[in-house]
Structure formats: C-alpha cells, structure tokens
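Report on one structure; see the data block that follows.
The values are calculated or read from the model by the stated rules, or taken from the named source; none is laboratory data. Here the structure is a predicted model, which is why all the values come from computation and not from measurement. All Cβ positions, even for glycine, are placed from backbone atoms using ideal geometry, and neighbour counts span all protein chains on display. Ligands, DNA and RNA are stripped out before the accessible areas are found, and what is left, the full protein with its side chains, is counted by its heavy atoms. Shrake-Rupley method; radii C 1.70, N 1.55, O 1.52, S 1.80 Å.
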Amino acid sequence: MRVLVVEDEEDLVEALRYGLVRADYAVDVAYDVNEASQKLYAACYDLMILDLNLPDGDGFELCRAVRAGELDGESGPDLRILMLTARDRLADRVRGLDEGADDYLVKPFAFPELLARVRALLRRDSGGGSAVWTVGELRLDTGRREASRAGRRLNLSPKEFAVLRYLMSRPGQVVSPEDLLEHVWDENADPFTNTVRVTVGTLRRKLAGDDADPLIETVVRHGYRLREPAGREGA
C-alpha cells in the first residue's frame, strides 16, 4: 500500500518513513501543501498522513480540497486521511473529522498505535475487521508480517509481502503491473524496469513451493490475478 506523509518536521518525517517502510508500506513525502497537492494529483495513494501546521497552508484546507474533489487527481476524493498533529483541543479533533479526516492522532504518539490506525484504515479495501486476512489456503497476518499457505510458513521479502497483501485485498481481480507499481512501490521506482515482473515471479514460486499449484495467474497483456477459491469467506 502506498502512503503519502505530509509533514514539515524533517526528523519526524524520517522516523515515519523508516517505520512505515519497515512495515512494508511504500512511502512518499511532501513538506508543504503545494508539494502534497502536486503528488496527490500525479499519483494514486491509499492513505495520507497529514499534519495541520504546514509552511504554506493549513492541513484542514488540504483535507477539504481532497474530499471536495478539487484536486481532480489520481488519488481521488475517497483517499483515506489520518491527521497527525500537535493540536489536541477537542474543537480541533471535531473539526478534523468534520472536514473529512478518517482518523485523528495527537502528537506525541506511540508508533505502534499509528501503525494500528494505518492498518485499520487500509483494511477498508478488503472489508475485513482483522489484521489476519485469508484467501483459501493463504493466511496473511499484517500485524506480525507473517504469511503462510496451508500451514507452511512463507519466507517473503518485504516487497513480496506487500504484493501478496495487495493481491489478497483483490482476490479474483486482474491487477495490472502499473497498478502494483503505483501502490506497492514509491515514487523513486523506475517504471521501465522489470521489478514488478521479477517480484511477482519469485512470489509465485514461493507460494507454489515444491509441488503445490500456483496461485497467481498471469493474464496476458493485462496483469496478474490471485485465484479466488470457490466459496471463500471474505478476508
């Protein structure tokens, strides 16, 4: 999943980036409203972590613009927004939620709590209420970052884990390489490399193991699909 951090405190930016990347998120950063608006217009994000006190404007206004569709960009008005700010007054928290934020977290904060809130917001894609997702024999624990198939532990790299998580949030759907690049890699990824194909290939082999059927199908000229078993229950 791809996250945009909008924050002007460099030390906090680096701490957020480090922690989120370790949790297998693709992370881009904007230091002010203008830069954030440009990135929201150009790229499709799953979540924005938004400070309110920014050098060139107010995070409330950016949140309102996103919800009103005024940016008319790739991320769209349904982008999930987590406000992360030192403003701890009840009036500010109420205003943030009324302006369209999905959640509001006050600084200083505990990073495990921020991660839990991020996971809760991103689970809306899969309609799940748990940190553990299942699709057929596949089990993915997003909290512990563990994956298994039919009880067999899968030793996945961070990018393989992130690709599997994205595919499991859309079982049975064809996901294009461009979509994977947009949501799993950050803005520094080279769109002209074979990184998506190589990562999906190694993930497919690890899922199959020595003798199991492959679960990821290649749909020629369209992308990849995680096979959805008949009668599966929602993740």
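Accessible surface of PHE109, taken over heavy atoms with a 1.4 Å probe and every protein chain present, rounds to 50 Å².
Between ARG197 and GLN173, the C-beta separation translates, for a Förster distance of 25 Å, into a calculated FRET efficiency of about 0.85. SER148 contributes an accessible area of around 20 Å² to the protein surface, as traced by a 1.4 Å probe with all chains present.
Plugging the Kirkwood radius over Cα pairs into Stokes-Einstein for the range 77-172, at a temperature of 4 °C and a viscosity of 1.567 mPa s, what D comes out in µm²/s? Reported coefficient: 86 µm²/s. Counting 0.36 nm for each residue step from CYS44 to VAL94 and taking away their Cα separation leaves a gain of 15.3 nm. Note on GLU146: accessible area approximately 60 square angstrom, rounded to 10, probe 1.4 Å, nucleic acids and ligands left out.
Figure legend: label point modelled 7 angstrom from the Cα of GLU61 along Cα→Cβ; residues of the range 78-103 with amide N under 17 Å from it are 96, 99-100.
Could you give the angle, 0 to 90 degrees to the nearest 10, between helix 158-168's Cα long axis and the longest principal axis of the Cα atoms of the chain? Value to nearest ten degrees: 80. Only Lys, Arg, Asp and Glu carry charge here, each on its Cβ (+1 for the first two, -1 for the last two); on that basis the chain has a dipole of about 1400 debye about its Cα centre. Here the extension length gained between VAL106 and VAL220 equals 36.3 nm, from 0.36 nm per residue of separation less the Cα-Cα distance. At full extension, ARG119 and ASP190 could sit 22.9 nm farther apart than now, given 0.36 nm per residue minus the alpha carbon distance. DSSP bridge analysis restricted to the chain gives an antiparallel fraction near 55%, rounded to the nearest 5.
Can you return the lysines within cross-link range of LYS159? Criterion is Cα-Cα under 26 Å, with same-chain partners fewer than 8 residues away left out. Hits, sequence-local ones excluded: LYS39, LYS206. At 222 nm, what helix-only mean residue ellipticity would the chain give, in deg cm²/dmol to the nearest 500, using -39500 (n - 2.57) for each DSSP H run of four or more? Taking each H run of at least 4 residues, the total per residue is -11000 deg cm²/dmol. With all protein chains in place and ligands, DNA and RNA left out, the 1.4 Å accessible area ranks LEU121, LEU156 as LEU156, LEU121, largest first.
Evaluate Rg over Rh across the range 166-224, taking Cα atoms for both radii and Kirkwood's formula for Rh.
Radius of gyration relative to Kirkwood radius: 0.97.
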